[in-house]
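Q: This is the structure I have questions about; it appears just below.
The values are calculated or read from the model by the stated rules, or taken from the named source; none is laboratory data. As the structure is a prediction and not an experimental result, all values here were calculated from the model. So basically every Cβ, Gly included, is an ideal-geometry build from the backbone, and we count neighbours across all protein chains shown. These accessible areas exclude ligands, DNA and RNA; they are computed on the full protein's heavy atoms, side chains included. Shrake-Rupley method; radii C 1.70, N 1.55, O 1.52, S 1.80 Å.
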Number of protein chains: 2
Amino acid sequence: MPSVTRSVARHKGRSSELEQRVLSSVLRLLADGTRYTELPVQRILEEAGIARSTFYHYFPDKAQLLIKLAELATADIWQSAEQWWRSDHSDGETGLVPVLLTAITQVRENRLVLRAIREVAAYDRTVAEYWISRMTPYLELSRSRLEELRAAGKIGEWVDPARTAQIMAWTMERVVGLHHIPPEDDERWATALARSAWLIIYGDAP
Amino acid sequence: MPSVTRSVARHKGRSSELEQRVLSSVLRLLADGTRYTELPVQRILEEAGIARSTFYHYFPDKAQLLIKLAELATADIWQSAEQWWRSDHSDGETGLVPVLLTAITQVRENRLVLRAIREVAAYDRTVAEYWISRMTPYLELSRSRLEELRAAGKIGEWVDPARTAQIMAWTMERVVGLHHIPPEDDERWATALARSAWLIIYGDAP
DNA sequence: CTCTTGACCGAACACAGTGTTCGGTCGCAT
DNA sequence: ATGCGACCGAACACTGTGTTCGGTCAAGAG
């Protein structure tokens, strides 16, 4: 007997049906290129068919709604890059191309939310802080790997691990997030980015 | 008789003294890390010591004020960046590195405005359009120089001029736009950026 | 069947920010 | 002395955010 126990979902299950409705409404509204900033709460309410007070019962404010959205969209976005950092890089620059290709594809899949989070992070301190904290584990990983590589003499001593890790990460964030990279150019971009990343790390290796 | 003809500057000279006062007031207000978005016109008025109506007489809106600011800041940047791209890349690293460092210094000196323009361009279509149009000629210059260098065999044949130009430009834009870079680390950042830029161009030169 | 509870509604409100309007002041040139 | 243009300053319209609070409705408990 499938004990579905339907009505138990009354605001208990970690994410009520109504909350879900709001999230997908926002996605729908962002789809036509509307900026998150220029999207009034009122529009979201209409689209989701809920009352203002209900909205603010579920989300403390508009920013938190966006963060919730980002949390879901970026769950495994760094995975393939992290894996590369942990590897021994024996396949050289070539090994980086598929990593970048994956990143480009994944960013495209979540482009609406990523665009919005980057947009709001640019001026809202709360969202900015969230976004950086989301980025930090990745930054930490690449920094520590650069330090190891440097200690092992595998890369040039002029590499500044902390700064270099950030330059690389934010470059990818910026460039991969460029609006309107036509899919047919993915390969070229992945190659160009892989080359840049590789040279920033190994370009002046002994 | 020194015919100073003072009052001729009465709103005729391309940039009245008062307009200048507004511009520098904004810079002063941005200096402590305040986002342009969270800077009320009221604060600008107080800082510049002018009336609201006067402000709107000089600037159609807050966005145009920012654009004006960016116009001036980027003029300096483009100049030193162009100097970098046009300088003779044949006599090796010694003559070139100082020029690169100068260009990066120029970018960093204008970081307040760059941050602001980047911030607002993220959500305001007018500013976004301006920013892209401002960036395009520069991207074009970089691209064509990379092409020449490649044709002349001075840089690696794996360089993709169009994409590499963009990667370099957006990297600078992104990294300079980061908030919370402790001032005491400035030097390290400049060095790390210069190294990255250099390697992206010359890292795999023949 | 009545009573309670909690999810949701909806209208009003306080507040902050942008850009407009318009009458008024002041200095300067004719 | 008069007119003009730069500037002031207060009021206003408008848009958007987040809060408040009384009210509806359905479901479950006694």
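Q: So A:G156 passes all but one of these: (1) in contact with a Pro (Cβ under 7 Å, 6 or more places away or on another chain); (2) more than 11 Å from chain B (Cβ to nearest Cβ); (3) surrounded by 15 or more Cβ atoms within 10 Å (Cβ to Cβ). Which condition number does it fail?
A: (2)
Q: For residues in the range A:16-39 being open to solvent by 40 Å² or more (accessible area, probe 1.4 Å) and more than 12 Å from DNA strand C (Cβ to nearest atom), which is nearest to the other protein chains (Cβ to nearest Cβ)?
A: Within the range A:16-39, the match that is nearest to the other protein chains (Cβ to nearest Cβ) is A:T37.
Q: Also, I was wondering about something else. More than 20 Å from the chain's Cα centre (by Cα) and more than 8 Å from every other protein chain (Cβ to nearest Cβ): is that true of B:P161 in this structure?
A: Values: more than 20 Å from the chain's Cα centre (by Cα): yes; more than 8 Å from every other protein chain (Cβ to nearest Cβ): yes.
Answer is yes for this residue.
Q: Let me ask something additional. Which ones in the range A:171-184 are at the interface with chain B (Cβ under 8 Å from one of its Cβ atoms) and free of Cβ contacts under 8 Å to residues at least 24 places away in the same chain? I'd like the intermediate steps shown before the answer.
A: We begin by selecting, within the range A:171-184, every residue at the interface with chain B (Cβ under 8 Å from one of its Cβ atoms); these are A:171, A:173-175, A:178.
Answer for the range A:171-184, where residues must be at the interface with chain B (Cβ under 8 Å from one of its Cβ atoms) and free of Cβ contacts under 8 Å to residues at least 24 places away in the same chain: A:R174, A:V175, A:L178.
Q: Looking at the range A:160-170, is at least one residue closer than 30 Å to A:D61 by Cβ, among the small types (G, A, S) and either buried (at least 21 other Cβ atoms within 10 Å of the Cβ) or out of contact with any Gly (no Cβ under 7 Å at 6 or more places or on another chain) (or both)? Quick ask: steps written out before the conclusion?
A: As a first pass, look at the range A:160-170 and keep what is closer than 30 Å to A:D61 by Cβ: A:166, A:169-170.
Subsequent filtering for residues that are among the small types (G, A, S) retains A:169.
Narrowing further to those that are either buried (at least 21 other Cβ atoms within 10 Å of the Cβ) or out of contact with any Gly (no Cβ under 7 Å at 6 or more places or on another chain) (or both): A:169.
Yes, there is a match, as at least one residue in the range A:160-170 is closer than 30 Å to A:D61 by Cβ, among the small types (G, A, S) and either buried (at least 21 other Cβ atoms within 10 Å of the Cβ) or out of contact with any Gly (no Cβ under 7 Å at 6 or more places or on another chain) (or both).
Q: Then there is this: Could you check the range A:9-18 and list, in sequence order, the residues that are touching a residue at least 40 places away in the same chain (Cβ under 8 Å) and in a loop (DSSP other than H, G, I, E, B)? Steps first, answer last, please.
A: The first filter runs over the range A:9-18 and keeps only residues touching a residue at least 40 places away in the same chain (Cβ under 8 Å), leaving A:16, A:18.
Correct list: A:S16 only.
Q: Filter the range B:44-58 for residues that are near DNA strand C (Cβ under 8 Å from one of its atoms) and touching a residue at least 12 places away in the same chain (Cβ under 8 Å) and give the result.
A: Scanning the range B:44-58 gives a single hit, B:F55.
Q: Quick check, is A:L193 open to solvent by 20 Å² or more (accessible area, probe 1.4 Å), at the interface with chain B (Cβ under 8 Å from one of its Cβ atoms), touching a helix residue (DSSP H, G or I) at 6+ places or on another chain (Cβ under 8 Å) and of a type in the set (A, V, I, L, M, F, W, C)?
A: Details: open to solvent by 20 Å² or more (accessible area, probe 1.4 Å): no; at the interface with chain B (Cβ under 8 Å from one of its Cβ atoms): yes; touching a helix residue (DSSP H, G or I) at 6+ places or on another chain (Cβ under 8 Å): yes; of a type in the set (A, V, I, L, M, F, W, C): yes.
Considered against the rule, which asks whether it is open to solvent by 20 Å² or more (accessible area, probe 1.4 Å), at the interface with chain B (Cβ under 8 Å from one of its Cβ atoms), touching a helix residue (DSSP H, G or I) at 6+ places or on another chain (Cβ under 8 Å) and of a type in the set (A, V, I, L, M, F, W, C), A:L193 comes out as no.
Q: Follow-up question, since we're still on this one. Of these, B:R134, B:R143, B:R188, B:R150, which one is under 12 Å from B:I201 (Cβ atoms), open to solvent by 40 Å² or more (accessible area, probe 1.4 Å) and assigned to a helix (DSSP H, G or I)? Before you say what the answer is, go through the steps one by one.
A: Values: B:R134 fails: under 12 Å from B:I201 (Cβ atoms); B:R143 fails: under 12 Å from B:I201 (Cβ atoms); B:R188 fails: under 12 Å from B:I201 (Cβ atoms).
Criteria check complete, one pass: B:R150.
Q: Under 8 Å by Cβ, and 6 or more places apart or on different chains, what pairs join a residue from the range A:19-43 that is over 17 Å from A:V127 (Cβ atoms) with one that is among the aliphatic types (A, V, I, L, M) and in a loop (DSSP other than H, G, I, E, B)?
A: Here the result reads A:R21/A:I50; A:V22/A:I50; A:L29/A:L39, each pair linking the range A:19-43 to a residue that is among the aliphatic types (A, V, I, L, M) and in a loop (DSSP other than H, G, I, E, B).
Q: I need the helices (runs of 4 or more DSSP H) fully contained in the range B:47-122, keeping only those with at least 3 residues that are more than 16 Å from DNA strand D (Cβ to nearest atom) and within 14 Å of chain A (Cβ to nearest Cβ).
A: In the range B:47-122, the matching helices (runs of 4 or more DSSP H) lie at B:92-109, B:111-121.
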